[in-house]
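A.B. asks: Take a look at the following structure, please.
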Amino acid sequence: MMLRILLSNDDGVTAPGIQVLAAALQENYYVQVVAPDRNRSGASNALTLDRSLRINTLENGDISVLDGTPTDCVYLGVNRLVLPRPEIVIAGINRGPNLGDDVIYSGTVAAAMEGRHLGLPALAISLDGDRHYETAAEITCRLLQMLQTTFLRAGNILNVNVPDLPLEQIKGFRVTRCGSRHAAEEVYSMQDPKGNMLYWLGPPGDKRDAGPETDFAAVEQGYVSITPLQVDLTAYKAQELVKDWLVKAEVDGEC
């Protein structure tokens, strides 16, 4: 029985990354694409709760969610649109990397996170560029084969970033941690003909932590970066610190 895959993204249903990956996966698996009708990069985990959602089934069978976010797409796909229920959620191939702090904003990572939240294994696949989508598709197929051969028991999302290189130039896999960036501070502005101000958010900040064990370093050196991500954001190491602070604050407040 073929593995049932729900494939989504944040670049939109017709983006080259998702189409190349769908074609590669369909050679061996059942694949249903459920993706936003347009680019929703940076949507993070946004879920549409203030209005209804509509879908459109394209000629090739792909489903687009009109004005939907990546999280909407996975929620609808897993709970209603893909029957029987999919067995894994894959998000990508994203145009451009999702490294370091990017994972906070990424719609690609959010789509995978929603799959994990709904109880399914999940992969987020990104390409560090926009040329060698076939490389990222082949890497994804290899990872799927590995997951089917040896099941990964950890309840994590695998955030996979692939160098934008021909397949034969990929050096291998590295398990990494998220690096970090300096805070983004650029805002571009201009005035329209009616005198209203228009604003554009600037690019991400430069790398701050790009040490040898980070996702930044792995991709820069030609390795596929695999970073396990978790949904639980609790800072366990800080719990005792906050308890101590709370006690001290209460005592000081009585004086």
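The values are calculated or read from the model by the stated rules, or taken from the named source; none is laboratory data. A quick note: this is a predicted structure, and the numbers were derived from the prediction, not measured. Here Cβ is always computed from backbone atoms with ideal geometry, including for glycine, and neighbour counts include all displayed protein chains. SASA here: full protein model, heavy atoms, side chains in, ligands and nucleic acids out. Shrake-Rupley method; radii C 1.70, N 1.55, O 1.52, S 1.80 Å.
A.B. asks: With all protein chains present, how much of the accessible area of segment 1-115 (probe radius 1.4 Å) comes from carbon and sulfur, to the nearest whole percent? Don't skip to the answer; put the middle values down first.
C.D. replies: Values: 2490 of 4990 Å².
Reported share for carbon and sulfur atoms: 50 percent.
A.B. asks: Relative contact order for segment 62-131: what is it in percent, counting Cα pairs under 8 Å that are at least 6 residues apart? Could you put the intermediate results ahead of the total?
C.D. replies: Values: 92 pairs, mean separation 27.3, N = 70.
With pairs under 8 Å counted, the relative contact order is 39 percent.
A.B. asks: Which of the lysines could be linked to Lys248 by a straight reach, that is with a Cα gap under 23 Å, when you skip same-chain ones fewer than 8 residues away?
C.D. replies: Lys237
A.B. asks: Using the heavy atoms of the protein chains alone and a 1.4 angstrom probe, what is the accessible area of the chain per residue in square angstrom? Intermediate results must be reported in sequence, preceding the final value.
C.D. replies: Numbers: 14260 Å² over 255 residues.
Averaged over the residues of the chain, the accessible area is 56 Å².
A.B. asks: A further question on this structure: Would you rank Phe173, Phe216 by solvent-accessible area, highest first, keeping every protein chain in place and using a 1.4 Å probe?
C.D. replies: The most accessible residue leads, giving Phe173, Phe216.
A.B. asks: Treating the beta-carbon of each Lys and Arg as +1 and of each Asp and Glu as -1, no other charges, what is the dipole magnitude of segment 162-255 about its Cα centre, to the nearest 20 debye? If you can, show how the numbers build up before the last one.
C.D. replies: Numbers: 10 positive and 16 negative charges, 51 e Å.
My answer is approximately 240 debye.
A.B. asks: With +1 assigned to the C-beta of every Lys and Arg and -1 to the C-beta of every Asp and Glu, and no other charges, what is the dipole magnitude of the chain about the Cα centre in debye, to the nearest 20? Kindly include the intermediate steps, with their values, before the conclusion.
C.D. replies: Values: 22 positive and 33 negative charges, 124 e Å.
Charge dipole, the chain, about its Cα centre: 600 debye, nearest 20.
A.B. asks: Now for a separate question. Could you give the size of the charge dipole of segment 18-64 about its Cα centre, using +1 on the Cβ of each K and R and -1 on the Cβ of each D and E, expressed in debye and rounded to the nearest 20? Working shown, then result.
C.D. replies: Values: 4 positive and 5 negative charges, 47 e Å.
With only Lys, Arg, Asp and Glu charged at Cβ, the dipole is about 220 debye.
A.B. asks: Just need the relative contact order of the chain here, percent rounded to a whole number, with Cα pairs under 8 Å and 6+ apart.
C.D. replies: Details: 541 pairs, mean separation 42.4, N = 255.
This gives 17 percent for the chain.
A.B. asks: Return the percentage of antiparallel bridges among DSSP beta bridges fully within the chain, rounded to the nearest 5 %.
C.D. replies: Details: 17 of 44 bridges.
Taking every DSSP beta bridge within the chain, about 40 percent pair in antiparallel fashion.
A.B. asks: Among 34-44, 99-109, how do they line up from the highest to the lowest mean number of other beta-carbon atoms within 10 Å?
C.D. replies: Details: 34-44: 21.1, 99-109: 23.5.
By packing density, highest mean first, the sequence is 99-109, 34-44.
A.B. asks: Sum up the charges of everything whose Cβ sits under 10 Å from the Cβ of Ala184, counting Lys and Arg as +1 and Asp and Glu as -1, but leave Ala184 out.
C.D. replies: The answer is -3.
A.B. asks: Arrange the peptides 125-133, 79-87 so that the one whose residues have, on average, the most other Cβ atoms within 10 Å appears first. Mind dumping the intermediate values first?
C.D. replies: Values: 125-133: 22.2, 79-87: 14.4.
Per-residue mean Cβ counts within 10 Å order the peptides as 125-133, 79-87.
A.B. asks: Quick one: grab the alpha carbon gyration tensor of segment 1-127, order the square roots of its eigenvalues as a ≥ b ≥ c, and give me rounded if a/c is under 1.5, else prolate or oblate depending on whether a/b is larger than b/c. Please list the in-between numbers first.
C.D. replies: Details: a/c = 1.30, a/b = 1.12, b/c = 1.16.
Rounded, because the longest to shortest axis ratio a/c is under 1.5.
A.B. asks: Take the alpha carbon atoms of segment 26-78, find their center, do the same for segment 111-145, and report the distance between the two centers in whole angstrom.
C.D. replies: 16 Å
A.B. asks: Sum -39500 (n - 2.57) across every DSSP H segment of at least 4 residues in the chain, then divide by the residue count to get the 222 nm mean residue ellipticity, nearest 500. Don't skip to the answer; put the middle values down first.
C.D. replies: On the way: 7 runs with 71 residues, N = 255.
Dividing the helical sum by the residues of the chain leaves -8000 deg cm²/dmol.
A.B. asks: Give the carbon-plus-sulfur fraction of the accessible surface of segment 159-255 in %, rounded to a whole number; probe 1.4 Å, heavy atoms of protein chains only.
C.D. replies: Working: 4020 of 7040 Å².
Ligands and nucleic acids excluded, carbon and sulfur give 57 percent.
A.B. asks: Going toward the positive end of the dipole of the chain, with +1 on Lys and Arg Cβ and -1 on Asp and Glu Cβ, which of Ala124, Trp200, Asn79 do you reach last?
C.D. replies: Of Ala124, Trp200, Asn79, it is Asn79.
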